[in-house]
Structures are given as structure tokens and as C-alpha cells.
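> Below you will find the structure I want to go over with you.
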Amino acid sequence: VLFRSALHNGEFQVYLQPKYDIFTEKMAGAEALVRWVHPVKGIIPPDEFIPIFEKNGFITELDMYVWDKTCELINEWIREDNKYVPVSVNVSRKDIYRQNLPEVFLNLLKKYHLKQKYLHIEITESAYTEDPEQLIKVVNQLKEAGFTIEMDDFGTGYSSLSHIRELPIDIIKIDRCFVIDLGKDDYAETFVRMVAELADTIGVRMCVEGVEYDEQLQILKDMKKVQYIQGYYYDKPLTEEAFEKKYL
Ligand code: C2E
Ligand code: CA
Ligand code: CA
């Protein structure tokens with residue numbers, strides 16, 4: 001009940017964080033990240049409510065809302081400014097069990113007259129652990145439907161390295177925990193380098209999120225195999241208005 005009224009009151013807002021091309025240092029896309037703007041408590045970060053919504057099932061409705069808002073926004077950019085940037089949306093591990101996920105996304109594109117290339121789909125690697133077969137099936141269907149697939153939180157699930165051969169993914173997003181230790185801990189750097197080499201070898205692009213410091217950026221640039229950077233170093237997630245003002 002609380003969730004429904006919050007949804008109806010427009011308390012859930014989509015923020016956008018830019019992703020930069022590491023070589024050109026220009027914005028190459030964005031990620032849609034939800035915030036609960038509570039009238040009394042203020043902004044509640046997703047880590048505080050997504051796990052709860054995954055348990056009580058609201059996540060399906062919330063994600064649908066975020067995906068719809070994101071497509072609506074891209075449609076506006078195209079209509080009003082004749083501009084667009086690809087935006088990636090997050091898919092909860094719970095959404096993976098919805099049999100019609102590709103259809104849901106294709107219907108959204110139809111509703112807002114968008115092409116597949118405008119929307120990227122981020123799927124968390126941790127979904128692999130729960131039901132690898134279902135994940136492989138859904139990712140293949142989404143890929144066949146023409147979407148760009150980003151594997152999120154890479155390196156935190158099990159036997160990560162074997163997955164990427166089975167899954168037709170386009171971009172690997174390595175988990176932020178490895179980036180925090182870049183420059184401090186040799187293991188982190190070795191791991192990121194190894195994943196970057198592997199991604200490059202099999203023709204998958206790599207995005208590194210959580211980059212905050214120049215030192216981290218330099219280490220990643222020197223690897224020469226990382227394409228995209230997302231992090232406070234460039235920008236925090238911005239409101240729709242702030243994002244449009246700065247980037248469109
Ligand atoms: P995620 O998908 O891994 O998103 C990246 C998170 O890292 C975001 O946190 C972002 O704000 C944060 N981040 C980016 N750059 C930096 C940085 O340089 N430093 C630090 N400290 N943090 C950085 P956020 O927005 O709080 O989201 C947390 C998680 O909540 C997301 O992790 C994602 O798993 C989930 N989430 C967010 N929005 C949605 C949504 O619409 N649907 C679903 N299913 N999950 C969502
Ligand atoms: Ca994500
Ligand atoms: Ca992530």
C-alpha cells in the first residue's frame with residue numbers, strides 16, 4: 001500500500017549518471033538509477049529499498065516504471081532536441097524469471113517509437129547463481145531482440161570467467177569493489193587487468209564504474225583495454241533536469 005501510493009505520488013525518480021568514453025573523455029551514455037524521494041525522509045538510496053522490494057515482489061512494478069520513464073525521456077529528447085544518448089536500465093535478478101522480458105522491452109520501444117540501440121540492458125552477474133539456465137535463456141532472447149547487454153557487478157558472482165563465454169554480452173561492468181582498491185592493492189589491479197584483457201580477447205567492451213580519483217583513471221587508461229568510465233570523477237547520478245542541462 002505504501003509502495004503503491006508512493007508510486008502514484010511520483011516519489012520514485014529516475015536519476016541519470018553519465019558514462020564517459022575513456023579515450024575521448026566525452027559522454028557516451030548514461031545509466032538510469034532510481035531514487036525514492038520521500039516527502040518526510042528525503043532521498044532514500046536504492047540499496048535501502050531494492051532488497052526489500054525484491055523480497056515482496058514490488059521490484060517488478062518499480063522496474064517497469066523506471067524502464068517506462070527512461071523510454072519516455074529518450075523519446076522526449078529525440079522529439080524536442082533531435083538528440084539522444086543510449087541509457088542503460090537495471091534488471092533485477094527477480095525480473096529474470098518473467099518469461100516475457102524481451103516482449104516487455106520491445107513493447108516499450110514500440111510505445112515510445114524507439115530503436116533498440118537507444119536502450120541498454122544491465123543484468124547483474126549475481127543472477128547467474130540463482131538459475132544459470134534461465135539467465136542464459138533470457139539474455140539470449142534479449143540479444144536476439146536486438147538489445148545491447150551489459151553484465152553488471154562482474155566479479156562478484158561464481159565462476160564469472162566461464163559465464164561470459166556462454167552469454168552473448170556486449171559490455172562487462174566490473175564491480176565497484178575492485179575499483180576502490182585500485183592503486184592500493186595489487187590484487188585489485190591484477191584482477192581488473194585480467195578481466196580487461198579477457199574482455200578484449202573475446203571482443204567484449206568493458207566499463208569501469210566507481211572511478212573517483214585521477215590515479216584510478218590513469219591506471220585504467222594505461223591498461224588500454226577499458227572503453228567506458230562511470231564514476232564520481234566525472235559526475236554523480238543527476239536529476240533529469242540537471243542531466244539535460246549539462247549533456248543535451
Ligand atoms: P549498480 O547498478 O551497480 O549502480 C552503480 C551504483 O554505483 C550506483 O549507486 C551509483 O550511484 C554508484 N556509483 C557510481 N559511481 C560511483 C563512484 O564513483 N563512487 C561511489 N561511491 N559510488 C558510485 P545507486 O544509485 O545507489 O544504486 C545502487 C544499486 O541499486 C545499483 O547498483 C543497482 O543494483 C540498484 N538499482 C538502482 N536503480 C535501480 C533500478 O531502477 N532497478 C533495479 N532493479 N535496481 C536498481
Ligand atoms: Ca547497474
Ligand atoms: Ca554495478
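Any read-out appearing in this document is the output of simple, stated calculations on the displayed coordinates, not a laboratory observation. Here the structure is a predicted model, which is why all the values come from computation and not from measurement. FYI the Cβ positions are ideal-geometry reconstructions off the backbone, even for glycines, and counts take in every protein chain you see.
> Share of Cα-Cα pairs in the range 136-248 beyond 18 Å, in percent?
Numbers: 3353 of 6328 pairs.
The answer is 53 percent, as a whole percent.
> Then there's this: Only sites in a loop by DSSP and with at most 12 other Cβ atoms within 10 Å count here; which GluC sites (Glu not before Pro) in the range 16-111 make the cut? All intermediate terms of the calculation are to be shown ahead of the outcome.
Details: sites: Glu25, Glu31, Glu48, Glu54, Glu61, Glu72, Glu76, Glu80, Glu103; in loops: Glu25.
Counting only loop positions with at most 12 other Cβ atoms within 10 Å, the GluC sites (Glu not before Pro) in the range 16-111 are Glu25.
> Can you give the FRET efficiency for Glu72 and His38, using 1/(1 + (r/R0)^6), R0 = 30 Å, r = Cβ-Cβ distance, to the nearest 0.05? Before the final figure, lay out the partial values.
Values: r = 23 Å, r/R0 = 0.75.
E(calc), rounded to 0.05, equals 0.85.
> Follow-up question, since we're still on this one. Quick one: if you stick a label point 7 Å off each Cα along the C-beta vector at Glu240 and Asn82, how many nm between them?
2.4 nm
> Further, regarding this structure: Between the range 113-148 and the range 182-203, what is the separation of their alpha carbon centroids in Å?
Cα centroid of the range 113-148 versus Cα centroid of the range 182-203: 24 Å apart.
> Under the classification rounded if a/c is under 1.5, otherwise prolate if a/b is larger than b/c and oblate if not, where does the range 49-172 fall, given a ≥ b ≥ c as square roots of the Cα gyration tensor eigenvalues? Could you put the intermediate results ahead of the total?
Details: a/c = 1.98, a/b = 1.48, b/c = 1.34.
It is prolate, given that a/c is not under 1.5 and a/b is the larger ratio.
> Which of the lysines could a cross-linker span from Lys246 if the Cα-Cα distance has to be under 20 Å and same-chain partners fewer than 8 positions apart are dropped?
Counting by Cα, and skipping residues close in sequence, Lys246 has these lysines nearby: Lys19, Lys26, Lys69, Lys83, Lys236.
> Filter the trypsin sites (Lys or Arg not before Pro) in the range 162-248 down to the DSSP loop ones having no more than 16 other Cβ atoms within 10 Å, then list what survives. Can you show the working numbers first?
Values: sites: Arg165, Lys173, Arg176, Lys184, Arg193, Arg205, Lys221, Lys224, Lys225, Lys245, Lys246; in loops: Lys184, Lys224, Lys225.
Sparse-neighbourhood loop trypsin sites (Lys or Arg not before Pro): Lys184, Lys224.
> Which shape class applies to the range 1-54: rounded if a/c is under 1.5, otherwise prolate when a/b exceeds b/c and oblate if not, where a ≥ b ≥ c are the square roots of the Cα gyration tensor eigenvalues? Intermediate values should be presented prior to the final figure.
Numbers: a/c = 3.18, a/b = 2.64, b/c = 1.21.
Note, shape of the range 1-54 comes out prolate.
> Another one. Under 5 Å between amide H atoms, partner at least 5 residues away or on a different chain: which partners does Glu209 have, H built in plane at 1.01 Å?
Ile174, Gln230
> From the backbone phi of the range 82-95, what are the Karplus-calculated ³J(HN,Hα) couplings (6.51 cos²θ - 1.76 cosθ + 1.60, θ = phi - 60°) in whole Hz, Gly and Pro given as x?
6, 9, 7, 10, x, 10, 9, 10, 8, 10, 5, 4, 6, 5
> Connecting C-alpha atoms closer than 10 Å in a GNM of the chain, tell me which of Gln218, Gln141, Gln13 has the biggest fluctuation.
For the chain, modelled as a Gaussian network with Cα springs under 10 Å, the answer is Gln218.
> Let me spell out the model: positive unit charges on the Cβ of Lys and Arg, negative unit charges on the Cβ of Asp and Glu, origin at the Cα centre of the range 168-248. What dipole size does that give, in debye rounded to 20? Provide the component values of the computation, followed by the final result.
Values: 11 positive and 17 negative charges, 42 e Å.
The dipole of the range 168-248 has a size of about 200 debye.
> Sticking with this one: Express in nm, to one decimal, how much length is gained between Gln141 and Glu212 on full extension, taking 0.36 nm for each residue of separation and deducting their alpha carbon distance.
Separation in residues times 0.36 nm, less the Cα-Cα distance, equals 22.0 nm.
> Which distance in nm do the two modelled labels at Thr129 and Met194 give, with both placed 7 Å along the Cα-to-Cβ direction?
Placing both labels 7 Å along Cα→Cβ, they lie 1.9 nm apart.
> In bins 5 Å wide, starting from 0, what share of all Cα pairs of the chain does each bin hold, as a percent?
1, 6, 13, 18, 19, 18, 14, 8, 3, 1, 0
> Using DSSP to call loops (not H, G, I, E or B), can you name the chymotrypsin sites (Phe, Trp or Tyr not before Pro) in the range 163-248 whose Cβ has at most 15 other Cβ atoms within 10 angstrom? All intermediate terms of the calculation are to be shown ahead of the outcome.
Values: sites: Phe178, Tyr187, Phe191, Tyr213, Tyr228, Tyr232, Tyr233, Tyr234, Phe243, Tyr247; in loops: Tyr213, Tyr232, Tyr233, Tyr234.
Counting only loop positions with at most 15 other Cβ atoms within 10 Å, the chymotrypsin sites (Phe, Trp or Tyr not before Pro) in the range 163-248 are Tyr213, Tyr232, Tyr233.
> Also, I was wondering about something else. Remind me, relative contact order of the chain in percent, using alpha carbon pairs under 8 angstrom and six or more residues apart?
Values: 395 pairs, mean separation 48.4, N = 248.
Computed over the chain, the figure is 20 percent.
> Would you mind telling me which residue in Gly183, Gly146, Gly42 has the biggest mean-square fluctuation in a Gaussian network model of the chain, where springs connect alpha carbons within a distance under 10 angstrom?
Gly42
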